[in-house]
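I have placed the structure first, in the form of structure tokens, so that the comments after it can refer back to it.
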Amino acid sequence: MLSDAEFQRLLDLFDLSWEGYRRVRKGVKKRLRRRLEALGLRRVEDYLRALESDPGLRAECRLLLTVSVSRFFRDRDLWSCLAREILPLLDQGRAVRAWSAGCARGEEAYSLKIVHEQRRGQAGSVPALEILATDLNPAYLDRARAGVFQGSSLREVPEEARAEYFRKVPGRKLWRVAEGLKSGLAWREHDLLAGPCPGLFDLILMRNSVLTYCGQSLQEAALRTALASLREGGFLIIGRREALPPGDWGLRVWPGPTFIFRKAPWPA
């Protein structure tokens, strides 16, 4: 197992945050140790030298440092606020565009689709919801597209929603999302730090990813990218325990959960 000091050196190479990785470092360090063994490297110093000279190995290491810890309907008050206030406010007679940036295995994107489907069932007619879900790690995207999850990921899904939107995988402790949830949902490999996605979005969810695991300079770069893709009056949602980097970002805290922001100016 890598020591904490060795792990810190790898984080520093990519301007990643020790505090962000502190609780998840055990699993990430195991992945890195297995990779060092596969490469025949015994010391982190040797690995660091190889990363400096081999761009492909460096890109691979960055993927090994990605984290996919998530679950459906994480932070219940967020999803209640989306259903009651934010999505109705975004209904302007056209499709609502949402971006799940750093979507990992897809629980967040599917949760948003469930909320939309429930609204449609209650209201009868609501604008379409188009969701773009992106992540740096293609392996996570493959799992998201498959839509198969451990039961632990569903522990906050109400029983009624579980019965309607999930199917038990026979003989396994796994659940598969109903095929109808995949409609209007696009998955794309994308690095938030490399630039924006095409078009403008009404809603961007950037939760428990860059603002947790990256250093401040990368946080600022990612936030600039996200805000360049957000319509005026649109909403940015970050993680409950995350904070925006210092500065005036042209955002106002939405009344209610303090991790929801609206891009100014917006109508009174």
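The values are calculated or read from the model by the stated rules, or taken from the named source; none is laboratory data. Computed from a prediction, not measured in an experiment: that's the story for all the values here. Cβ coordinates were reconstructed from backbone atoms using ideal geometry, including for glycine residues, and neighbour counts include every protein chain displayed. Please note that ligands, DNA and RNA were not included when accessible areas were found on the heavy atoms of the full protein model with its side chains. Shrake-Rupley method; radii C 1.70, N 1.55, O 1.52, S 1.80 Å.
Structure notes:
- Count of residues meeting criterion [at pLDDT below 85 and either open to solvent by less than 40 Å² (accessible area, probe 1.4 Å) or in contact with a Phe, Trp or Tyr (Cβ under 8 Å, 6 or more places away or on another chain) (or both)] in the stretch 190-212: 2
- Every condition in (1) open to solvent by 50 Å² or more (accessible area, probe 1.4 Å); (2) over 22 Å from residue 200 (Cβ atoms) is met by residue 94 except one, and the failing one is (2).
- Members of the stretch 156-178 that are more than 16 Å from residue 105 (Cα to Cα) and either part of a helix (DSSP H, G or I) or basic (Lys, Arg) (or both): 159, 160, 161, 162, 163, 164, 165, 167, 168, 172, 173
For every residue, the table says whether it meets (1) open to solvent by less than 30 Å² (accessible area, probe 1.4 Å); (2) in contact (Cβ under 8 Å) with a residue 24 or more places away in the chain; (3) on the phi > 0 side of the Ramachandran plot.
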| position | (1), (2), (3) |
| --- | --- |
| 4 | no, no, no |
| 35 | no, yes, no |
| 38 | no, no, no |
| 43 | no, no, no |
| 46 | no, no, no |
| 50 | yes, no, no |
| 73 | yes, yes, yes |
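- If you go through the stretch 88-123 and pick out every residue that is touching a residue at least 40 places away in the same chain (Cβ under 8 Å) and not in a loop (DSSP other than H, G, I, E, B), you end up with 16.
- Selection status of residue 143, open to solvent by 70 Å² or more (accessible area, probe 1.4 Å), closer than 24 Å to residue 87 by Cα, within 20 Å of the chain's Cα centre (by Cα) and among the charged types (D, E, K, R): no
- Among residues of the stretch 124-140, those that are without any contact (Cβ under 8 Å) to a residue 24 or more places away in the chain and buried (at least 17 other Cβ atoms within 10 Å of the Cβ), counted: 0
- Elements of type strands (runs of 3 or more DSSP E) contained in the stretch 221-268, each with 2 or more residues being surrounded by 15 or more Cβ atoms within 10 Å (Cβ to Cβ), over 17 Å from the mean Cα position of the chain (by Cα) and free of Cβ contacts under 8 Å to residues at least 40 places away in the same chain: 230-237, 260-263
- When the stretch 51-66 is limited to residues that are over 17 Å from residue 41 (Cα atoms) and outside any helix (DSSP H, G or I), the one that is nearest to the chain's Cα centre (by Cα) turns out to be 66.
- Test: residue in the stretch 162-180 that is within 13 Å of the chain's Cα centre (by Cα), open to solvent by 10 Å² or more (accessible area, probe 1.4 Å) and aromatic (Phe, Trp, Tyr): no
- Scanning the stretch 16-32 for residues that are open to solvent by 60 Å² or more (accessible area, probe 1.4 Å) and either within 30 Å of residue 127 (Cβ to Cβ) or not charged (D, E, K, R) (or both) turns up at least one hit.
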